[in-house]
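Asks: This is the structure I want to talk about, given as structure tokens.
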Amino acid sequence: GRAQLCIDRVSELPEPQRTSAHWCLLADAHEAQGDWEDAVRALERAILLSPDADGRSALGLRRALILDGELGLGDLAIDAIAQSVVDSPSPASFSDVVRDLLNRHGGWRVVAQQLKEAEGRKTGNEGALRMCLALIYSDALGSTNAAEAFWAQAGTELRPESYEGELFCLWLEAQGRWETLGGLYDGWNLEKEDAPSSMELRALSLERAGAP
């Protein structure tokens, strides 16, 4: 069939000449034939050769879903998800499918640990990694204090007009951390002359917090 023809054609190319796209084609063909272990191996090579972080992340998630759903290898699937988030850390990394897998296998702490290790390697995306850690501790592990600590660290790199900055503010509102939010606005407004009055925002925050 067409899947086998694709495998044969790509296999004629020496491995050193194969790109990430070639390995993706092999993964597609092996999936079509139900050869799940070969598909996983092809995806591993595609990830290694992909020059794009978002691409690596998407391939990693695809690999994780095969490991879990087709091969029953939950522990390896958790590791694959963790690496996928490390490659491209974002709130979008935690889709319903990912959350379901991590909930079923109790994998949240494993993912958090791998994100902490990546944060320590100083790869330049520490702010995004800390944001993901904050979301994990808040939404999945139920540790508000740990979540706020990671948010505070990430906050030094976030801007109020950014998606991440808005997400941080929404999280603080959801937690009722009005005084923290007011202080954050103060810090941002010191650097942004056209921002809303920090006094007004802080007053609103303290009013909602019940302060006199």
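Asks: Collect the residues in segment 79-92 that are surrounded by 22 or more Cβ atoms within 10 Å (Cβ to Cβ) and part of a helix (DSSP H, G or I), keeping them in residue-number order.
Replies: ALA80, ILE81, ALA82, SER84, VAL85, VAL86, ASP87
Asks: Turning to a different aspect of this structure: Scan segment 26-39 and tell me whether some residue there is of a type in the set (Phe, Trp, Tyr), open to solvent by less than 50 Å² (accessible area, probe 1.4 Å) and assigned to a helix (DSSP H, G or I).
Replies: no
Asks: Can you tell me how many residues in segment 136-159 are crowded, with 19+ Cβ neighbours inside 10 Å and modelled with pLDDT under 90?
Replies: Final tally of qualifying residues: 8.
Asks: Here is a further query. Taking segment 97-121 as the search range and keeping residues that are of a type in the set (Gly, Ala, Ser) and outside any helix (DSSP H, G or I), which one is most open to solvent (accessible area, probe 1.4 Å)?
Replies: By that ranking, first place goes to GLY106.
Asks: Can LEU67 be described as within 24 Å of ARG104 (Cβ to Cβ) and in a loop (DSSP other than H, G, I, E, B)?
Replies: Answer is no for this residue.
Asks: Residues being among the charged types (D, E, K, R), surrounded by fewer than 16 Cβ atoms within 10 Å (Cβ to Cβ) and farther than 13 Å from CYS24 by Cβ: count how many of those fall in segment 40-78.
Replies: 3
Asks: List pairs: first in segment 108-125 and at pLDDT 90 or above, second open to solvent by less than 70 Å² (accessible area, probe 1.4 Å) and of a type in the set (Gly, Ala, Ser), Cβ under 8 Å, 6+ apart or cross-chain?
Replies: These pairs meet every condition: TRP108/ALA140; VAL110/ALA82; VAL111/ALA82; GLN114/ALA82; LEU115/ALA82.
Asks: Using beta carbons and a limit of 9 Å, which pairs, at least six apart or on different chains, have the first residue in segment 3-21 and open to solvent by 90 Å² or more (accessible area, probe 1.4 Å) and the second one modelled with pLDDT of 95 or more and not small (Gly, Ala, Ser)?
Replies: ARG9/LEU25
The values are calculated or read from the model by the stated rules, or taken from the named source; none is laboratory data. Since the structure is predicted, the reported quantities are computational estimates derived from the model, not experimental observations. No Cβ is skipped: glycine too gets one built from the backbone with ideal geometry, and neighbour counts run over all protein chains shown. The protein model used for the area step is the full one, side chains on, heavy atoms only, and it has no ligands, DNA or RNA in it. Shrake-Rupley method; radii C 1.70, N 1.55, O 1.52, S 1.80 Å.
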